[in-house]
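Undergrad: This is the structure I have questions about; it appears just below.
The values are calculated or read from the model by the stated rules, or taken from the named source; none is laboratory data. Bear in mind that the values here come from a model prediction, so they are computed numbers and not experimental data. Glycine also receives a Cβ, built like all others from the backbone with ideal geometry; neighbour counts cover every protein chain displayed.
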Amino acid sequence: MTIEIGDKLPTLTLPASGAKTVALHKDYAGKKLVVYFYPKDNTPGCTLEGQDFTRLYPQFTKANADIVGVSKDSVKAHDNFCAKFGFPFLLLSDAEEAACTAFGAIVEKSMYGKKYMGIDRCTFFFNEKGKLVQAWRSVKAKGHAEEVLAAVQAL
C-alpha cells in the first residue's frame, strides 16, 4: 500500500541523527513537512540533494515548513553525513524499511543489468494538518529542492 494525495502522515517513529527519535505525526504536528527519501549517504546525487535542501532551508522555515531526509543508513552514518555537509535538518534511519514501505519508496532498480530492490529518490509534502498534498517520485537530485520549495511557498 502506497501513500496517496490526501492521506495522513503515517504513524511512524524512527531513530534520527543527533541522537534523537522522531515520531513524524507528533513531532511535526501543525507544521508543513517535507519528507524526502534518498538511496545512500555520501553518494554524489544524495549529497547534492541534501546540500540543495540545506541551501534553501531558511526559505523553507520562513514558509513554516521543516524537512527530514530518510534512508536505510545507520544513525552513525547519518551523523557523519550531517556533520560533513552541515545539514540543518534531521536524517532518519529506516533500517527496517518501515517508512520506505509506508511511502512506497522501495522499488525495483537496475544497475549493470542486475535487478535489485532499493530506495527510489522521492519526496512527499504534507500540509499543517498532516495531509499529503504533493508527491514527487523517481526525481533527479538537481533542481528538485527548488521545485519542492515552490510547492511549499504556494500553499
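Undergrad: Go through region 23-53 and count every residue that is under 21 Å from Phe126 (Cα atoms) and crowded, with 18+ Cβ neighbours inside 10 Å.
TA: So the count comes out to 13.
Undergrad: I've got another one for you. I'm told Met1 meets every condition in (1) modelled with pLDDT of 95 or more; (2) in a loop (DSSP other than H, G, I, E, B); (3) more than 21 Å from Val152 (Cβ to Cβ) except one. Can you identify the failing condition by its number?
TA: Going through (1) modelled with pLDDT of 95 or more; (2) in a loop (DSSP other than H, G, I, E, B); (3) more than 21 Å from Val152 (Cβ to Cβ) one by one, Met1 breaks only (1).
Undergrad: Taking strands (runs of 3 or more DSSP E) that fall entirely within region 58-155, which contain at least 2 residues that are small (Gly, Ala, Ser) and either touching a helix residue (DSSP H, G or I) at 6+ places or on another chain (Cβ under 9 Å) or without any contact (Cβ under 8 Å) to a residue 12 or more places away in the chain (or both)?
TA: 65-71
Undergrad: Could you check region 4-57 and list, in sequence order, the residues that are assigned to a loop (DSSP other than H, G, I, E, B), closer than 20 Å to Val139 by Cβ and of a type in the set (S, T, N, Q)?
TA: Asn42, Thr43
Undergrad: How about region 1-53: which of its residues are over 19 Å from Ile119 (Cβ atoms) and hydroxyl-bearing (Ser, Thr, Tyr)?
TA: Thr11, Thr13, Thr21, Tyr28, listed by residue number.
Undergrad: Which of the residues that make up region 121-138 are over 12 Å from the mean Cα position of the chain (by Cα) and over 20 Å from Ala23 (Cα atoms)?
TA: Gln134, Ser138
Undergrad: All but one of (1) touching a strand residue (DSSP E or B) at 6+ places or on another chain (Cβ under 8 Å); (2) of a type outside the set (Ser, Thr, Tyr); (3) over 17 Å from Lys8 (Cβ atoms); (4) buried (at least 20 other Cβ atoms within 10 Å of the Cβ) hold for Phe103; state the number of the condition that does not hold.
TA: (3)
Undergrad: Also, quick follow-up: How many of the residues in region 6-22 are surrounded by 13 or more Cβ atoms within 10 Å (Cβ to Cβ), within 23 Å of Glu49 (Cα to Cα) and among the aliphatic types (A, V, I, L, M)?
TA: Matching residues across region 6-22 total 4.
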